[in-house]
Amino acid sequence: QVQLVESGGGLVQPGGSLRLSCAASIGIFRFNYIAWFRQTPGKQRDLVATITSDGDTNYADSVKGRFSITRDHAKQMVYLQMNSLKPEDTGVYYCYGGVFGKDYWGQGTQVTVYS
């Protein structure tokens, strides 16, 4: 059973930081890539950051220079470090991974950036 479980969301003021965690039930090396998506009410899920099996990273333009995606193979974890948070970063953040020909999503973690 492949599971992805997010944690680390919360309330933060603009300019603050949060670190999201995604715990995988299997070795993360098995995934072609793992990604973080963000969704706000009434909108589709938008890609925020990805990290490939080779360790290559990619970011949405809106978060470049502020967010960083990293991984820890030993802990089977992927992280999203979010700095200089803005109100528009508010949303539910989902961890996604594709493996064994299927797509897997976590349950999401809420991030709210408020003044």
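The values are calculated or read from the model by the stated rules, or taken from the named source; none is laboratory data. Bear in mind the structure is a predicted one, so any value in this text is a computation, not a measurement. Glycine gets a Cβ as well: all are built from the backbone with ideal geometry, and neighbour counts include every protein chain shown. Heavy atoms of the whole protein, side chains included, go into the accessibility calculation; ligands, DNA and RNA do not. Shrake-Rupley method; radii C 1.70, N 1.55, O 1.52, S 1.80 Å.
With all protein chains in place and a 1.4 Å probe, the accessible surface of segment 63-115 carries 50 percent carbon and sulfur. Here the spin labels are modelled as points 7 Å beyond Cα on the Cα-Cβ line, and at residue 1 and residue 66 they lie 3.7 nm apart.
Placing unit charges on the Cβ atoms only, positive for Lys and Arg and negative for Asp and Glu, gives the chain a dipole magnitude near 100 debye about its Cα centre. For every other residue with a beta carbon closer than 9 angstrom to the beta carbon of residue 23, add +1 if it is Lys or Arg and -1 if Asp or Glu, then tell me the sum. Its environment carries a net charge of 0. Taken along the Cα-to-beta-carbon direction at a fixed 7 Å, the label points for residue 43 and residue 84 span 1.9 nm.
Quick one: check the C-alpha center-to-center distance for segment 1-62 versus segment 65-102, whole angstrom. Between the Cα centres of segment 1-62 and segment 65-102 lies a distance of 2 Å.
Hey, can you find the accessible area per residue of the chain for me, probe 1.4 Å, expressed in square angstrom? The partial results should precede the final answer.
On the way: 6130 Å² over 115 residues.
Accessible surface, normalised per residue, equals 53 Å².
Our summary gives segment 1-56 a relative contact order of 27 percent, counting only alpha carbon pairs under 8 angstrom and 6 or more residues apart.
Taking every DSSP beta bridge that has both residues in the chain, what percent is antiparallel when rounded to the nearest 5?
Values: 38 of 41 bridges.
Counting DSSP beta bridges with both partners in the chain, the antiparallel share is about 95 percent.
Using every pair of distinct Cα positions in the chain, the Kirkwood expression returns a hydrodynamic radius of 14.0 angstrom.
Of the residues 63, 106, 82, the one whose Cα sits farthest towards the positive end of the charge dipole of the chain is 106 (charges of +1 on Lys and Arg Cβ, -1 on Asp and Glu Cβ, taken about the Cα centre). Taking chymotrypsin sites (Phe, Trp or Tyr not before Pro) across segment 1-93, none is in a DSSP loop with at most 11 further Cβ atoms lying within 10 angstrom of its Cβ.
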